[in-house]
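Asker: Please find one structure pasted underneath; my questions will follow.
Read the figures in this text as sums done on the coordinates, not as results from a lab. All figures in this text were calculated on a predicted structure; none of them were measured in a lab. Here the Cβ positions follow ideal geometry from the backbone for every residue, glycine too, while neighbour counts run over all protein chains shown.
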Amino acid sequence: MSARDDMIVAVAGLGTMGLPMAENLLNAGFSVVGYDVRPLSDFPDFADHMTTAPSDFAARADVLISVVRDIAETEALLFDDQAIMRHPQAPKTVILSSTLSPRYIVDVGARLPDDISVIDAPMSGAPYRARTGKLTFMLGGDEMAINALMPMFKAMGEACHHLGPLGAGAAAKVANNLCAAAGIVAVRRALAAAHTYGIDQDAMLDVMRSSSGSTWYGDNLADIDWAREGYAKENTMGILEKDVSSFMDALHGTNLMAPGPFEDAILTEIRRMEPLS
């Protein structure tokens, strides 16, 4: 009997990333139960695999994958409103796939009993790669625990990097997202400058794609669902703001470096970003 035959994977937060992750696990033969604070009517094609009761969700889960938005929603899921980890039959493995400060990830691990395995597994690739099962996972935690779950990660992603102990995955993710945010800001400004000179947007992107201006965002702009959004707290640009802030939080107390004007400038540009026509 393989691990996927007797292991129930519970996915919390069925948004643009969490839902396709859950679907890919299901398609790979895993038993999956989903939970979201939104009503089942919002998930017509997946509702049969969901529960609306946090207690039922907790009791059924062997492995919990949290893909909720931020620290506040993670606290609500694990300890407060839904309180999954306060349930007497709480899952024995907790995977935190949200982009969160590594300092917070380590704190969560310290607050849970020793017999519960905590892994940080933030992912990168945007919704279109989540749908195709081609995410990149950045993993932190016990090597044996991660190796045992590798078939699960490979059902959702094509690149899985074990980077060290708990918190290492989150540290890599927020550093990665700082680069992504800088690229998004730079591409937006470059396109605005090109427009000023009457250069077609697609022509400018073609130039960048085939030269030193190549970036993940610019190269894949047509495939990224949120690529043309302007800034709003509730959308992906708002999540990008949170990710850069998480990077800044990660640096506090390291005695190596501190956030400075570079990070501040990126945040300023994100917050004034207008929709891309």
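Asker: Compute the convex hull volume of the Cα atoms of the chain, divide it by the residue count, and report the result per residue in Å³ as a whole number.
Answerer: 141 Å³
Asker: Once amide H atoms are built 1.01 Å from N in the peptide plane, which residues 5 or more positions from residue 34, or in another chain, come under 5 Å H to H?
Answerer: Answer set, sorted by chain and number: 11, 50, 51.
Asker: Summarise the long-distance tail of P(r) for the range 85-153 by giving the % of C-alpha pairs beyond 18 Å.
Answerer: 43 percent
Asker: With +1 on each Lys and Arg Cβ and -1 on each Asp and Glu Cβ, how big is the dipole of the range 171-271 about its Cα centre, in debye rounded to the nearest 20?
Answerer: 160 debye
Asker: Provide, for the chain, the number of lysine pairs with alpha carbons under 20 Å apart, each pair being eight or more places apart or on different chains.
Answerer: For the chain, qualifying lysine pairs total 5.
Asker: Please compute the length gained on full extension between residue 38 and residue 245, using 0.36 nm multiplied by the number of residues separating them and subtracting their Cα-Cα distance.
Answerer: Roughly 71.8 nm would be gained on extension.
Asker: Determine Rg/Rh for the range 180-277; Rg is computed over alpha-carbon atoms and Rh is the Kirkwood hydrodynamic estimate from the same atoms.
Answerer: Over the Cα atoms of the range 180-277, Rg/Rh equals 1.02.
Asker: Cβ under 13 Å from residue 206's Cβ, residue 206 left aside: what net charge do those residues give with Lys, Arg +1 and Asp, Glu -1?
Answerer: -2
Asker: On to the next question. Using label points projected 7 Å from each Cα along Cα→Cβ, tell me how many nm separate residue 147 and residue 226, to one decimal.
Answerer: 3.6 nm
Asker: How high is the relative contact order of the range 105-165, in percent, counting Cα pairs under 8 Å that sit 6 or more residues apart?
Answerer: Once normalised by length, the contact order is 32 percent.
Asker: Further question: Sort all Cα-Cα distances of the range 3-164 into consecutive 5 angstrom bins from zero, then give the percent of pairs in each bin up to the one containing the longest distance.
Answerer: So the P(r) values, bin by bin, are 2, 9, 20, 25, 23, 15, 5, 1, 0.
Asker: Rounded to the nearest 20 Debye, what is the dipole magnitude of the chain about its Cα centre when Lys and Arg each give +1 and Asp and Glu each give -1 at the C-beta?
Answerer: In debye, rounded to 20, the chain gives about 360.
Asker: Can you list the residues of the range 90-126 with backbone N under 13 Å from a point 7 Å past the Cα of residue 62, pointing along Cα to Cβ?
Answerer: 91-93
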